[in-house]
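> Have a look at this one.
The values are calculated or read from the model by the stated rules, or taken from the named source; none is laboratory data. As the structure is a computational prediction, the values presented were derived from the model and not from experiment. Positions of Cβ are generated from backbone atoms using ideal geometry, with glycine treated the same way; all protein chains shown enter the neighbour counts. The protein model used for the area step is the full one, side chains on, heavy atoms only, and it has no ligands, DNA or RNA in it. Shrake-Rupley method; radii C 1.70, N 1.55, O 1.52, S 1.80 Å.
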Amino acid sequence: MGVESSVKAVRGGVAVFTKGTMPCVKLPDVERQDANRLMRFKVPLGRGNLWLHVINIYSPCSVRDDVRANVRQHKDREDLLSYAFQTMHAELGKVPTVILGDFNTSPAESTTLQWAADNGWLDAAAWQAARDGTGPPHTFSRKGKDGQGEVRTRIDHIYLCPIARRAILKCETRDVEFIPGHRVLSVTLDLPRFTTSTLDYKIPRALPTDVTIHPMDDGDAFFTTHANELALFERAVTGKDVETAWNVATGLCERVLLRCAGENVVKMCKGKGQGREPSVRRTSAPSCAMVTGAANHRTVRLNKLLKRVNVML
């Protein structure tokens, strides 16, 4: 869809085109003098209760052989980028956000882009280059003055916030004919990762921190007495039944604590008894970096639980 700003501004403009039937909702223009250089829109994730926010920017470009104008343009660029990366993103909150466009500056020249990198934002092109073992590709080229050769720069960017960066699959750069001087920079995201259901575990604390734990003298007898529970736990782990494994493990851990610390101490503590079952919550981003070959979230949580149980037993 094409976009026409409702705010009177200087030269510049941005637009969004969607492919096929992909829904896209444009958000209201901001009240800025350079509002036509910035556009916000969002894409629904899952059933539409979560959104991927995208901010498209076209920053002011430099002026050849005009030092005073370039100083002014640099200030205007940083002001626009700072507004997008800091003010607008803070207003959106902790949601997956992508900021992209023709920034007309490089990360080395922009204090705002350096701030973004220090605060967890991902430079998609630099990320892909690191994976490929190469340097970030140029996105713009022009003829040099006074007979110099072609000048190549990297002024077009795609940045992903700390939440959005976890769904990146790849970033590509390719040449096109319909955009003079520029190359197309694109990023592929795995949108279903933003609607992952995860288990939020609440580890019960059966004893206060100042209680001395004594080793069990009859460890073998304990395992023999609770052989059925241990067998059930092993079956739950093998079948990836996290809820059953959780309930059995907390029960066994509590019995170990009773042996080590004494029933009178445990009865004085709040929260005694079976630990709460893990609660399922919806999240707008995966809780771990979903790279190829990585364990899924349930497996990661289960492995952490097993480590805790091994320490206790």
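> Within segment 31-61, can you find the residues that are part of a loop (DSSP other than H, G, I, E, B) and under 20 Å from Pro96 (Cβ atoms)?
Gly46, Arg47, Gly48, Asn49
> Anything in segment 160-172 that is in contact with a helix residue (DSSP H, G or I) (Cβ under 9 Å, 6 or more places away or on another chain) and either open to solvent by 40 Å² or more (accessible area, probe 1.4 Å) or part of a loop (DSSP other than H, G, I, E, B) (or both)? List them, or say none.
Within segment 160-172, Cys161, Ile163, Arg165, Arg166, Lys170, Glu172 meet the criteria.
> Another one. Of all helices (runs of 4 or more DSSP H) completely enclosed by segment 214-266, which ones contain at least 2 residues that are at pLDDT below 75?
219-225, 242-261
> Here's a follow-up. Within segment 90-139, track down each residue that is open to solvent by less than 40 Å² (accessible area, probe 1.4 Å) and charged (D, E, K, R).
Asp102, Asp123 - these are the residues of segment 90-139 that are open to solvent by less than 40 Å² (accessible area, probe 1.4 Å) and charged (D, E, K, R).
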